[in-house]
Amino acid sequence: MLQSALMNVMVKAARRAGRSLKRDLGEIENLQVSLKGPANFVSLADKRAEDILYEELSKARPGYGFFGEEGGNREGTDKSHTWIVDPLDGTTNFLHGIPHFGVSIGLQRDGVLIAGLVYNPANDELYTAERGKGAFLNDQRLRVSGRRQMNDCVIACGLPHIGRGDHELSRREMAALQPKVAGLRRFGAASLDLVFVAAGRIDGYWERNLQPWDIAGGQIIVREAGGIVSGIQGDDDPLATGDVICGNEFVHAELVKILKPLG
Ligand code: 2AM
Ligand code: CA
Ligand code: CA
Ligand code: CA
């Protein structure tokens with residue numbers, strides 16, 4: 001895979017942030033965990049990783065806007081380009097020592113995602129995509145799964161957090177899906193759920209009440225791997241609604257058919 005100058009910038013930033021996260025994973029007890037809201041944890045690890053991403057990305061592309069979970073919105077002089085960044089997606093996993101979390105970087109030009117990266121530092125899996133150029137896991141080209149029978153499919157989901165989301169709706173969704181599929185999974189890092197769909201490891205994924213930084217990096221990777229990503233309506237924009245349904249063409253359509261009527 002010939003990597004563009006832009007992707008080199010993103011990869012360098014993500015790997016540096018990943019090294020910081022791996023160091024911090026070794027000393028979770030020193031990370032000064034605090035709460036942003038009920039069950040909404042943030043730690044020094046999140047903040048250090050975001051500082052690194054901001055430093056690297058703004059050094060290489062001065063002027064681009066930067067929209068990160070921990071730093072808020074920093075407007076740039078270049079009004080067309082914006083980074084959408086989650087420095088540590090899966091903080092709860094991280095703080096429990098579960099090696100399933102990601103660094104997520106998306107780049108929008110004039111409101112359209114043109115590049116995405118999701119990196120799991122714990123196993124060194126690096127997922128990348130640029131618009132029109134395909135999706136990759138390290139050097140390997142990605143393709144969504146080809147399964148067309150829901151009862152062969154493994155589907156991942158998110159669950160609403162304490163104090164957030166519609167817990168009753170979530171129970172109805174699980175009750176509707178569980179008897180139809182080979183397995184339901186809840187991994188706890190939205191960015192990695194998306195790229196698992198891109199890699200064909202899981203056949204579909206849905207979650208509600210996400211933020212743009214959870215979705216931006218992974219969304220373009222799924223699309224470049226031949227998958228479909230939408231909101232719950234089936235044709236809406238997940239970055240606008242915060243709700244995501246994705247999968248191969250068949251699984252996406254089935255998930256929309258099952259989930260949309262529920263609310
Ligand atoms: P985070 O770890 O970056 O916060 C999993 O369901 C997704 O929800 C993750 O991408 C996670 O991102 C996010 N998340 C975890 N706890 C949350 C909370 N209490 N409120 C909102 N989002 C949360
Ligand atoms: Ca968070
Ligand atoms: Ca997140
Ligand atoms: Ca985060």
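The values are calculated or read from the model by the stated rules, or taken from the named source; none is laboratory data. Just so you know, these numbers come straight off a predicted model, no measurement behind them. Cβ coordinates were reconstructed from backbone atoms using ideal geometry, including for glycine residues, and neighbour counts include every protein chain displayed. Side chains included, ligands, DNA and RNA excluded: accessible areas come from the protein's heavy atoms. Shrake-Rupley method; radii C 1.70, N 1.55, O 1.52, S 1.80 Å.
Give me the strands (runs of 3 or more DSSP E) completely within the stretch 16-88, filtered to those with at least 3 residues that are open to solvent by 40 Å² or more (accessible area, probe 1.4 Å), ordered by residue number. Show your work before the answer.
On the way: elements: 34-37, 40-42, 64-68, 72-74.
Once the strands (runs of 3 or more DSSP E) in the stretch 16-88 are filtered for at least 3 residues that are open to solvent by 40 Å² or more (accessible area, probe 1.4 Å), what remains is 34-37.
Restricting to the stretch 208-219, and then to whatever is part of a helix (DSSP H, G or I) and open to solvent by 10 Å² or more (accessible area, probe 1.4 Å), can you tell me which residue is farthest from Thr82 (Cα to Cα)?
Within the stretch 208-219, the match that is farthest from Thr82 (Cα to Cα) is Asp214.
Hey, does the stretch 174-184 have a residue that's under 19 Å from the mean Cα position of the chain (by Cα) and either more than 27 Å from Met7 (Cβ to Cβ) or not assigned by the TED database to the domain that holds Val251 (or both)? Let's see the steps before the verdict.
Keep residues of the stretch 174-184 that are under 19 Å from the mean Cα position of the chain (by Cα), which gives 184.
Add one more test, that the residue is either more than 27 Å from Met7 (Cβ to Cβ) or not assigned by the TED database to the domain that holds Val251 (or both), and what stays is 184.
Taking every residue of the stretch 174-184 in turn, at least one turns out to be under 19 Å from the mean Cα position of the chain (by Cα) and either more than 27 Å from Met7 (Cβ to Cβ) or not assigned by the TED database to the domain that holds Val251 (or both).
Rundown of residues vs (1) modelled with pLDDT of 95 or more; (2) within 14 Å of ligand 3 (Cβ to nearest atom); (3) among the acidic types (Asp, Glu), yes/no style:
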site: Gly76; (1), (2), (3): no, no, no
site: Asp89; (1), (2), (3): yes, yes, yes
site: Gly106; (1), (2), (3): yes, yes, no
site: Leu117; (1), (2), (3): yes, no, no
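Only one residue in Gly226, Gly165, Gly234 is assigned to a loop (DSSP other than H, G, I, E, B), open to solvent by less than 70 Å² (accessible area, probe 1.4 Å) and touching a His at 6+ places or on another chain (Cβ under 8 Å), so which one is that?
None of the others qualify; the one that does is Gly234.
Please identify the pairs in which a residue from the stretch 96-115 that is closer than 10 Å to Ser191 by Cα and part of a strand (DSSP E or B) has its Cβ atom under 6 Å from the Cβ atom of a residue that is open to solvent by less than 20 Å² (accessible area, probe 1.4 Å) and among the β-branched types (Val, Ile, Thr), counting only partners at least 6 apart or on another chain.
Gly102/Val118; Ser104/Val118; Ile105/Val85
In the stretch 171-215, what residues are closer than 21 Å to Lys36 by Cβ and among the hydroxyl-bearing types (Ser, Thr, Tyr)?
The one that is closer than 21 Å to Lys36 by Cβ and among the hydroxyl-bearing types (Ser, Thr, Tyr): Ser191.
Please enumerate the residues belonging to the stretch 191-245 that are on the phi > 0 side of the Ramachandran plot and touching a helix residue (DSSP H, G or I) at 6+ places or on another chain (Cβ under 6 Å).
Quick first cut of the stretch 191-245, residues on the phi > 0 side of the Ramachandran plot only: 200, 209, 226, 234, 242.
Of everything in the stretch 191-245, just one residue is on the phi > 0 side of the Ramachandran plot and touching a helix residue (DSSP H, G or I) at 6+ places or on another chain (Cβ under 6 Å), namely Gly234.
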